[in-house]
Every structure is written in structure tokens, then in C-alpha cells.
Amino acid sequence: MNIERTFVAIKPDAVQRGLMGKIITRFEEKGFKIIAMKMLEVTQEQAASHYAEHVGKPFYNGLVEFITSAPIVAMVVEGIDAVAEVRHILGATNPSNADVGSMRADFSPIMSCNCVHASDSVDSAKREMAIYFDVEKELCTNWKTMMEIVLDGLSK
């Protein structure tokens, strides 16, 4: 099994619409382990670091303005193939192209308000986690989810 960690952010639009619980529940029901989570107001510095690869693009200022407009819920999610699986659960970035049943198809009215961000690679996840968490101190890893307990039992 390929256990990975990924960064997830419940974006301002989802926080403002009261969708935090529904979004978190989807990850838990799928068997992912949330090993860090906090609500915060993203600073200009955090936003600039998060979106560094988009500097100079026409949509960059809008990204920064949006992510700093209201609180987010930042999470580190762990599980089997977490990077790809979490992105699959979210659906396509543009909700119009998202598969039925994905979070973005269910919760996002337009692309600029697509509710949730998730890292696109293991390297991006490490970089993004470090923007929002002290990964040496804030990750709660010394416990098992029911899914982990079941999988441990199957491997015996």
C-alpha cells in the first residue's frame, strides 16, 4: 500500500456556506485519516507562497484576493494514494466538468468558487503543508482509524 499525505484547504466560499462538516465527512467516510486541521485567516505571505507558481498569470491577483477573503480550514489528510484519491473525490477544478457525486459537482456553483483545494503531487503537498503547519509539531500521527485497524487485521 502506498500511504501518502496531502494538503487540503476548505476554501472561503465553502466555509462561508457552512459546508465544512459535509466536506470533512466525505474524507472520513472514504477512510482517510485527518492528521492535522485548523481554521485560519490566510495571510498575504501565505497566499503568495501557496500560489507562487501562478505569479504573473492574469488570474493570480484574484486567487490571492479570494483565499484571503475569509477563513479557510487547512488539513493534512493521510491514506492510500491520498494525493490522487483526494483529487478524484474533489472532481475537476471546473465544477461544470466534475463527475456527478464529486464534491465540486455537488457543492460548487462556478470555477472561481470551487470549495476545496488539494495538492496535485506529493512534492506540492509537502510544500503546501509547510506553509500552513509546523509539520514537526502539529501532525497527530500516533493513532489509527478504523480503516487502518481493519486493514491491519486483514494482513495477519
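For this structure, a couple of remarks:
- Under 21 Å from K126, Cα to Cα: lysines that are on another chain or at least 8 residues apart: K11, K33, K38, K137
- GluC sites (Glu not before Pro), loop per DSSP, at most 13 other Cβ atoms within 10 Å - longest free stretch of the chain: 42-135
- Close amide H pairs (under 5 Å, H built 1.01 Å from N) link V42 with I72, residues at least 5 positions away or on another chain.
- Cα-centre dipole for region 1-147 with unit charges at Cβ (Lys and Arg positive, Asp and Glu negative), debye to 20: 260 debye
- Over the chain - Rg/Rh using Cα atoms and the Kirkwood inverse-distance radius: 0.97
- Whole-Hz couplings from phi, Karplus 6.51/-1.76/1.60, listed for region 72-83; x for Gly and Pro: 10, 10, 8, 9, 10, 10, 10, x, 5, 6, 4, 4
- Filtered trypsin sites (Lys or Arg not before Pro), region 80-139: DSSP coil and at most 11 other beta carbons within 10 Å: K137
- Treating r as the C-beta distance of S69 and K156 and R0 as 35 Å, the FRET efficiency rounds to 0.10.
- A DSSP coil position with no more than 12 other Cβ atoms inside 10 Å describes the following chymotrypsin sites (Phe, Trp or Tyr not before Pro) in region 81-156: W143.
- Modelled label positions at I80 and M146, each set 7 Å beyond Cα in the direction of Cβ, lie 1.7 nm from each other.
- The length gained on full extension between D106 and L139, counted as 0.36 nm times the residue separation minus their Cα-Cα distance, comes to 8.9 nm.
Values in this text are rule-based calculations from the coordinates and carry no lab data. Being a predicted model, the structure only gives us computed values, none of them experimental. Neighbour counts are summed over all protein chains in view; Cβ atoms, including those assigned to glycine, are modelled from backbone coordinates with ideal geometry.
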